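A.B. asks: Take this structure, written in structure tokens, and hold onto it; I'll ask about it next.
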Amino acid sequence: MGTPKMVSVTPTIRKTLLVIGLAGILVGLMVESAAGRDKRCGAVYGCSKIYTGNQVGEIVTQEFFDRIINQSDASCPGNGFYTRDAFLEALSSSTEFGMVGSLDDSKREIAAFFAHVTHETGHFCYIEEISGASQDYCYEANIQPYQCVAGKSYHGRGPLQLKWNYNYGAAGYSIGFDGLNSPEIVADNPLISFKTALWYWMNHCHSIIITRKGFGATIETINDANECNGGNPAAVDARVRYYKEYCKQLGVSTGDNLTCKSNPCDPNSSLVYVSILIQ
């Protein structure tokens, strides 16, 4: 064996070594990232990529959306207002919707959301609550930042029929519109309309679904005072029927606890979230 020769490291060689080194770092990061994805996918999804918001659109297809809205009359004010595109764009303000848990959990959350939307709007027919302007949805006790504005009505509007001044105020604060002075924008702007529905859902129903407390618990949250505990069994049955239908369309089981059996929540339970926001 001869005497080893010294190799001069030229700029070209240095550049090559640098590229190789960077490539090694990138490969390491990719392996680490894949390991992280597998922890989330693995037994949960059986996939090799993180489940992203864009994939909510793979579940809420145009066909799925059209099956709902096509059941309403062509003369309905919601036709042309509620669109799949507006819904998908609104997801930017609620990035965890349909994103937490297993793929089946995501499908159940989507089925539950659209079941309530279907019931509240009559298959996307109504934008505003029928005779809602004649109702008093002004609640002023202990919610100083969200005082009612004279001449403004906080009746039901949008996919989940957002009601009450404290919800309009809190939703506007979170999403970025003046919900107290301009509540009517929820009925005028499809994007804000869907964003308010998703805002309400994420703050009051999302945790119920992802912890698998059942669809019935979401009914308690949305309209407990009027429907649960025997208040309106026909309305409860309708919500459950839509939920079952959409679960079947999406190829997922419904889970347990489909109906609301008791009245555990105060009808103004939304104020709990508002009080937390104010603090």
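A.B. asks: Would you please name the residue that is farthest from Asn165 (Cα to Cα), looking only at residues in segment 95-148 that are of a type in the set (D, E, K, R) and part of a loop (DSSP other than H, G, I, E, B)?
C.D. replies: Here the answer is Glu96.
A.B. asks: Just to check your reading of the model, which residue among Ala150, Ala133, Ala112, Ala141 is of a type in the set (A, V, I, L, M) and buried (at least 21 other Cβ atoms within 10 Å of the Cβ)?
C.D. replies: Of Ala150, Ala133, Ala112, Ala141, the one residue that is of a type in the set (A, V, I, L, M) and buried (at least 21 other Cβ atoms within 10 Å of the Cβ) is Ala112.
A.B. asks: Checking the structure you have, find out if any residue of segment 264-277 is within 18 Å of the chain's Cα centre (by Cα) and modelled with pLDDT of 95 or more.
C.D. replies: So far as segment 264-277 goes, no, none of its residues is within 18 Å of the chain's Cα centre (by Cα) and modelled with pLDDT of 95 or more.
A.B. asks: Condition first: in a helix (DSSP H, G or I) and touching a helix residue (DSSP H, G or I) at 6+ places or on another chain (Cβ under 8 Å). Now tell me which residues in segment 75-91 satisfy that.
C.D. replies: Answer for segment 75-91, where residues must be in a helix (DSSP H, G or I) and touching a helix residue (DSSP H, G or I) at 6+ places or on another chain (Cβ under 8 Å): Arg84, Ala86, Phe87, Leu88, Glu89, Ala90, Leu91.
A.B. asks: Let me ask something else. Would you tally the residues in segment 61-74 being assigned to a loop (DSSP other than H, G, I, E, B) and buried (at least 18 other Cβ atoms within 10 Å of the Cβ)?
C.D. replies: Matching residues across segment 61-74 total 1.
A.B. asks: Confirm whether Asn203 is at pLDDT 95 or above and polar (S, T, N, Q).
C.D. replies: yes
A.B. asks: So Gly231 fits all but one of (1) assigned to a loop (DSSP other than H, G, I, E, B); (2) modelled with pLDDT of 95 or more; (3) assigned by TED's automatic domain parsing to the domain that holds Ala112; (4) not β-branched (Val, Ile, Thr); what number is the exception?
C.D. replies: (2)
A.B. asks: Could you list, in sequence order, all residues of segment 180-191 that are touching a residue at least 24 places away in the same chain (Cβ under 8 Å) and either outside any loop (DSSP other than H, G, I, E, B) or crowded, with 24+ Cβ neighbours inside 10 Å (or both)?
C.D. replies: Scanning segment 180-191 gives Pro183, Val186, Ala187, Pro190, Leu191.
The values are calculated or read from the model by the stated rules, or taken from the named source; none is laboratory data. Since we're looking at a predicted model, the values are computed, not measured. All Cβ positions, glycine included, derive from the backbone under ideal geometry; neighbour counts span all protein chains shown.
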